[in-house]
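In what follows, a structure is listed as structure tokens, so that the remarks can point back to it.
The values are calculated or read from the model by the stated rules, or taken from the named source; none is laboratory data. From a predicted model like this one, the values you see are computed outputs, not experimental measurements. Every residue, glycine as well, gets a Cβ built from its backbone with ideal geometry; the counts of neighbours run over all protein chains shown.
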Amino acid sequence: MATFPDYKDIYVFVEQKDSQPAEVGYELINKARELVDASPELGYKVVGVLLGENVKDKAADVIAHGADKVIVVDDPKLKDYSTQFYTDALTQVIDEFKPSSLLTGATVLGRDLAPRVAARINAGLTADATGIEIGKDVTLGGGAAKREIPNDDALLLVTRPTFGGNLFGTIVCPNTRPQMATIRPKVFDMAKPDASREGEVVEFAPKWAETEPVVVVEDVEPKKVAGVDITKCDVLVGVGRGAEGSLALAEELAALLGGEVAGTRAAVEDGFLPKERQVGQTGKTVRPNLYIACGISGAVQHVAGMEKSDYIIAINRDPEAEIFKIANQGYVGTCEQVLPLLIEDIKKIKEAK
Ligand SMILES: Cc1cc2nc3c(=O)[nH]c(=O)nc-3n(C[C@H](O)[C@H](O)[C@H](O)COP(=O)(O)OP(=O)(O)OC[C@H]3O[C@@H](n4cnc5c(N)ncnc54)[C@H](O)[C@@H]3O)c2cc1C
């Protein structure tokens, strides 16, 4: 049975654009910190991997967000994202430093890079995950195939939606290292940066292949962002099928609270909510301070995208609706009844100030 004494530490690929690390990298660093701190017997470190041009001075920021060590590959070839050069660099980092696990954001870039790297090094990859843990006393299989995984193998248990999003499965990659996963942005909290944290910065120079790149980035055009970015909002009023008749009230409530309207896939499919405002498994993951779910049933695929909101208020005419199970506060009634009362109360409170 394979064991992996040479492989250690949890590595996080810290994606950056224009030398600015993306938040998802810091969210993953924070989660890796939590896992490593909860398993001191492993003696693992949290290691950030920064690839790019002129990124070295960002290493301190990665450490401030929770890393013990940062491996920096600073090279003009890595200025803009290129599948080939990034794959070349990251696989060489893995070969040299031998991580036990490697986490990447499930972003457009991460979803391109991680599978290339996994295929190149023949490692297992769990894509689009929503949770990770380090397994303790894990037994796999049964009968003749039964296999106990030693705790010092630091088996990564990776959760992701499966079977059309109706179930969550836990996937393990016990036979190869590193154990790779891409994880959705906003699933984990980002730590407040602590500038007093100290860590090691290691510069690494990959050997570039002599072959000409197959794809060359000639120009990068900034994306034109249409509408609002609901992942950045502090307050969201979520609308579901049951709020179709009270959309104007939901918009008024959102405006009063300085927030925006978001909602379910059903609302998008019914044509009263733009797709870019869809929350959930096939939409966006959001974590506002306040999420007011109006006429939303609470299907797992929706809940997966908003359950980490700090405070959830649900309005639904059905007292048995699933959404009440995750709500901090609930109103049983129609949106047409409840929303005007909420709006009136908030206006009164605002006027009294
Ligand atoms: C692979 C897959 C991916 C999916 N991805 C997503 C996703 O990313 N996001 C997502 O949201 N869904 C997703 N879905 C769909 C999901 O399963 C649900 O169908 C959807 O979330 C239901 O939306 P809803 O709650 O608005 O509608 P419904 O399930 O129709 O619920 C409407 C609710 O409103 C209540 N209601 C009705 N009238 C009123 C009223 N006047 N006042 C108050 N309450 C009222 C009802 O009691 C009910 O609870 C996905 C499904 C699959 C299979």
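Here are the numbers for the structure shown:
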{"item": "Top-ranked residue in region 221-259 [being among the small types (Gly, Ala, Ser), within 16 Å of the ligand (Cβ to nearest atom) and surrounded by fewer than 20 Cβ atoms within 10 Å (Cβ to Cβ); ranked as farthest from the chain's Cα centre (by Cα)]", "result": "Gly245"}
{"item": "Qualifying positions in region 161-218 - within 21 Å of Val72 (Cβ to Cβ), out of contact with any strand residue (DSSP E or B) (no Cβ under 9 Å at 6 or more places or on another chain) and of a type in the set (D, E, K, R)", "result": "Asp194, Arg197, Glu198, Lys207"}
{"item": "Unmet requirement for Lys192, which otherwise passes all of (1) in a loop (DSSP other than H, G, I, E, B); (2) in contact (Cβ under 8 Å) with a residue 12 or more places away in the chain", "result": "(2)"}
{"item": "Number of the exception - Asp37 against (1) over 21 Å from the mean Cα position of the chain (by Cα); (2) of a type in the set (Asp, Glu); (3) closer than 19 Å to Glu200 by Cα", "result": "(1)"}
{"item": "Test for Tyr44: is it in contact (Cβ under 8 Å) with a residue 40 or more places away in the chain and in a loop (DSSP other than H, G, I, E, B)", "result": "yes"}
{"item": "Single residue of Thr264, Thr282 found to be within 12 Å of the ligand (Cβ to nearest atom), surrounded by fewer than 16 Cβ atoms within 10 Å (Cβ to Cβ) and not assigned by TED's automatic domain parsing to the domain that holds Gly105", "result": "Thr282"}
{"item": "For Thr3: the one exception among (1) of a type in the set (Val, Ile, Thr); (2) buried (at least 24 other Cβ atoms within 10 Å of the Cβ); (3) within 19 Å of Lys98 (Cα to Cα)", "result": "(2)"}
{"item": "Test: residue in region 338-346 that is touching a Ser or Thr at 6+ places or on another chain (Cβ under 8 Å) and surrounded by 21 or more Cβ atoms within 10 Å (Cβ to Cβ)", "result": "yes"}
{"item": "Residue count for region 288-300, restricted to those that are surrounded by 20 or more Cβ atoms within 10 Å (Cβ to Cβ) and either of a type outside the set (Val, Ile, Thr) or more than 24 Å from Phe188 (Cβ to Cβ) (or both)", "result": "6"}
{"item": "Odd one out for Asp318 among (1) near the ligand (Cβ under 8 Å from one of its atoms); (2) surrounded by 15 or more Cβ atoms within 10 Å (Cβ to Cβ); (3) modelled with pLDDT of 95 or more", "result": "(2)"}
{"item": "Out of Asp137, Asp112, sole residue that is among the acidic types (Asp, Glu), touching a Ser or Thr at 6+ places or on another chain (Cβ under 8 Å) and surrounded by fewer than 22 Cβ atoms within 10 Å (Cβ to Cβ)", "result": "Asp112"}
{"item": "Subset of region 315-330 that is over 26 Å from the mean Cα position of the chain (by Cα) and among the hydrophobic types (A, V, I, L, M, F, W, C) - its residue that is nearest to Pro288 (Cα to Cα)", "result": "Ile315"}
{"item": "Residue that is nearest to Phe188 (Cα to Cα), among those in region 266-287 that are of a type outside the set (A, V, I, L, M) and free of Cβ contacts under 8 Å to residues at least 40 places away in the same chain", "result": "Gly280"}
{"item": "Number of the exception - Thr162 against (1) surrounded by 13 or more Cβ atoms within 10 Å (Cβ to Cβ); (2) closer than 23 Å to Ser309 by Cα", "result": "(1)"}
{"item": "Any hit, region 146-166, residues being out of contact with any helix residue (DSSP H, G or I) (no Cβ under 6 Å at 6 or more places or on another chain), among the small types (Gly, Ala, Ser), in the same structural domain as Thr83 (by TED's automatic domain parsing) and assigned to a loop (DSSP other than H, G, I, E, B)", "result": "yes"}
{"item": "Selection within region 31-53 - touching a helix residue (DSSP H, G or I) at 6+ places or on another chain (Cβ under 8 Å) and at positive phi", "result": "Gly52"}
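For (1) of a type in the set (Phe, Trp, Tyr); (2) modelled with pLDDT under 95; (3) in contact with an Asp or Glu (Cβ under 8 Å, 6 or more places away or on another chain), each residue gets a yes or a no:
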{"site": "Val93", "(1), (2), (3)": "no, no, no"}
{"site": "Thr107", "(1), (2), (3)": "no, yes, yes"}
{"site": "Leu167", "(1), (2), (3)": "no, yes, no"}
{"site": "Pro185", "(1), (2), (3)": "no, yes, yes"}
{"site": "Gly199", "(1), (2), (3)": "no, no, yes"}
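Yes or no, residue by residue, for (1) near the ligand (Cβ under 8 Å from one of its atoms); (2) at pLDDT 95 or above; (3) outside the structural domain of Gly258 (by TED's automatic domain parsing); (4) under 29 Å from the mean Cα position of the chain (by Cα):
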{"position": "Tyr291", "(1), (2), (3), (4)": "no, yes, no, yes"}
{"position": "Gly295", "(1), (2), (3), (4)": "yes, yes, no, yes"}
{"position": "Tyr311", "(1), (2), (3), (4)": "no, yes, no, yes"}
{"position": "Thr334", "(1), (2), (3), (4)": "yes, yes, no, no"}
{"position": "Leu342", "(1), (2), (3), (4)": "no, yes, no, no"}
